[in-house]
Amino acid sequence: MKKPKLSPSLMCIDFAKIEQTLRIFEENGIDYLHIDIMDGEFVPNYALGINFCDQIRKLTKIPLDIHLMINRPDLKLDCFNIQPNEFVSVHWESTPHVQRTLAAIRAEGAKAMLAINPATPTEVIKYLLQDIDGILVMTVNPGFAGQPLVPAMLQKIRDTRNLLEGTGHTDVEIEVDGNVSFENAKLMREAGATMFVGGSSSIFFTQLPLSSNIQKMNAIIGK
């Protein structure tokens with residue numbers, strides 16, 4: 001299993017302290033910055049956007065982990081100025097041309113990640129393994145922060161890990177997004193997750209300093 005990575009969800013950031021927060025992330029070795037893009041159609045919410053990605057790139061060299069919760073991402077990739085070594089996630093459910101979309105992400109030098117909703121079977125991954133660098137297992141229904149973990153998703157992480165191990169694709173990341181709390185992160189790591197999107201229940205937990213939360217998460221996931 002690959003070395004664990006942390007990807008704080010910038011949907012949870014205090015925008016008044018964004019530069020200060022990014023410096024803390026840099027000092028604590030944060031691996032990626034998770035940016036949720038929501039169009040109000042694929043999910044019933046709006047969040048962040050094209051200009052936000054460009055502005056974050058100007059403020060830090062931490063690579064982006066762009067999560068496209070949008071309809072027809074295959075028609076919109078050019079809007080995002082995708083950079084080499086960034087992760088870009090598209091949902092299996094969002095386009096009839098998912099393989100083409102994943103290939104287009106890789107053509108930009110970025111890492112293609114397939115996102116799957118809680119009710120989407122793990123088996124949809126099987127014919128896309130040659131086209132992906134990661135699988136984003138949504139552990140809540142996408143669209144809103146602060147939701148409880150869907151309990152069956154721990155088994156789904158295990159099933160995904162077993163599929164990868166069984167097909168020799170051990171280099172593919174398994175990212176988890178949704179109520180990745182201190183308690184749940186431990187269970188997710190044990191189930192086979194390698195990338196962790198930290199939000200209000202971990203990285204941005206308000207009862208502890210930000211650096212303490214990062215150090216606590218690092219210890220929990222074995223980073």
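Structural remarks
- On a per residue basis, the stretch 129-223 carries 40 Å² of accessible surface, using protein heavy atoms and a 1.4 Å probe.
- Total charge dipole magnitude, the stretch 27-125, about the Cα centre, Cβ charges on Lys, Arg, Asp, Glu only, Debye to nearest 20: 240
- Using the Cβ-Cβ distance between T167 and E190 with R0 = 25 Å, the FRET efficiency computed as 1/(1 + (r/R0)^6) comes to roughly 0.75.
- Over 19 Å apart at the Cα level, from the set K61/K111; K111/K223; K3/K58; K5/K61; K76/K111; K58/K216, are K111/K223; K3/K58; K58/K216.
- Relative to the compact-globule estimate of 2.2 N^0.38 Å, the Cα radius of gyration of the chain comes out at 0.93.
- Carbon + sulfur, % of accessible area of the chain - ligands and nucleic acids excluded, 1.4 Å: 52
- For Q155, net neighbour charge (Lys/Arg +1, Asp/Glu -1) across residues whose Cβ lies under 13 Å away: +1
- Unit charges on C-beta of K, R, D, E only; dipole of the chain, Debye: 420
- Dipole of the stretch 39-140 [Lys/Arg +1, Asp/Glu -1 at C-beta], most positive-end residue of A103, M69, L128: A103
- Ranking M38, S7, V88 by how far each Cα lies toward the positive end of the dipole of the stretch 1-92 (charges on Cβ) leaves S7 at the top.
- Alpha-carbon Rg with Dmax, taken over the stretch 66-176, Å: 13.4, 37
- 222 nm mean residue ellipticity, helices alone, for the chain (DSSP H n ≥ 4; -39,500 (n - 2.57); rounded to 500): -9000 deg cm²/dmol
- Ordering G166, Q215, P151 by Cα displacement along the dipole of the stretch 77-223 toward the positive end leaves Q215 in first place; charges were set at the Cβ atoms of Lys, Arg (+1) and Asp, Glu (-1).
The values are calculated or read from the model by the stated rules, or taken from the named source; none is laboratory data. Everything numeric in this text was worked out from a predicted model, so none of it was measured. Every residue, glycine among them, receives a Cβ derived from its backbone with ideal geometry; neighbour counts consider all protein chains shown. For accessibility, only protein heavy atoms count, side chains too; no ligands or nucleic acids. Shrake-Rupley method; radii C 1.70, N 1.55, O 1.52, S 1.80 Å.
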